[in-house]
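Encoded as structure tokens, the structure appears first; notes follow it.
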Amino acid sequence: MSITARPEHCTLSRVVALTAVCLVVVVCTYLASSPAGGADKEQKFFNMWRRRSSASEAFAPDDLEVALRGAAYADNKTLILTVLNKAYAEEDGLLDLFVESLRGGEGTAQLIDHVLFVAMDAPAFQRCRSFSGLRCYLLRPEDGAGDLSSEQLYMSDGFIRMMWRRIRFLGDVLKRGYSFIFTVSLRPRNIYACKRLPLPLITITCTLRFFVVLICKDIDVMWLRNPFPKLDRRADEDFLISCDKFNRAPHDYAGNELNTGFFFAAASNRTAALFDVWHAARSASAGMKEQDVLNRMARRGAFVPLGVRARVLDTARFSGFCQDSRDAAQVATVHANCCRTQHAKVADLRAVLHAAAAADGRLSNGTAAELRWPAHLECAKSWT
């Protein structure tokens, strides 16, 4: 080696040595500041490091990533997600009604370009693409999942498999750094979540996070008004979920029957872990749909050890057929829950949209615009 090359070599060696020392100091500081059980903490630290490293390799841009980014708002990476199959996408069915509600709702028309319709089969994908201005994504079937394109009656085997497939997909979306609501969301996830992690994890976590809010919804949820302002989400809330009947206690997970037709989940290690635990519980929950398993987890206090900050949404704003909104002037969404068949859902949801349109017409004429809910007659008969 020449004399002139030595200073450069020494400088490089010093940089490498300094980097190694800094890394050791960070790791040791983290472990030393941990409570008792240092060996467990050490293992968790390196497990988290490995998970983050593998995640950065696994989620290189692909067709799903392209679809998510395409639907998201450019400024805050917010998007809306809904899932459908062939039966839900049939002409004059639930897909048509949902699009109608978006185009005719109060402040909802501008949201259409930010909805990603996730089709679970090729016919649903093709029908989605037949609509002008809709963003459609085909979710590839899992091995051994079987055909889920036909109408899946409530609590049938196909219905249960379809619901669990949805949860796995949403968990994958969370791990990509996207937040979501299975129907609505508020604002992008802030960087504060990164600040609580050790320094090396801060860098990796913030590199993966796209600061996105994703709204995910059932196709049988109609939007009468822009739901974003109705969420009232605090910055520290991870999980907001609708319920069948609200007892006015938003943190009573045992007293409020949670409904997965509409929920928000902010992307974080906490919510990703929740979806992992949730999906893993399927193996010990034969014959149970994902909603029942989540309710069981919530009653057993599963949110606490995971650090998930959750809140149950009021049916006054996020209504459903199980419990009509107490304030029809404030309701943002209406879910055809407590209803068994697609035919019944379509009939009673169409009646809701007609009643809402009539109320809007009276309002535009300067007359009283009280919205009276029509009786959900077809859904009531669907159980007989």
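Cα-Cα over 25 Å: which of 86/245; 86/230; 175/289; 230/289; 217/345; 230/381?
Over 25 Å Cα-Cα: 86/245; 86/230; 230/289; 230/381.
Could you order 253, 178, 137 by accessible surface area, starting with the largest, using a probe radius of 1.4 Å?
Most to least solvent-accessible, the answer reads 253, 137, 178.
Heavy atoms only, 1.4 Å probe, whole protein assembly: order 217, 345, 381 by accessible area, highest first.
Final ranking, largest accessible area leading: 381, 345, 217.
Could you give the accessible area per residue of the range 241-384, probe 1.4 Å, as a whole number in Å²?
Solvent-accessible surface per residue comes out at 43 Å².
Report, to the nearest whole %, how much of the accessible area of the range 256-336 belongs to carbon and sulfur atoms, 1.4 Å probe, protein only.
It is 51 percent, rounded to a whole number.
The values are calculated or read from the model by the stated rules, or taken from the named source; none is laboratory data. Quantities reported herein were computed from a predicted structural model and do not represent experimental measurements. Only protein heavy atoms, including side chains, enter the accessible area calculation; ligands, DNA and RNA are left aside. Shrake-Rupley method; radii C 1.70, N 1.55, O 1.52, S 1.80 Å.
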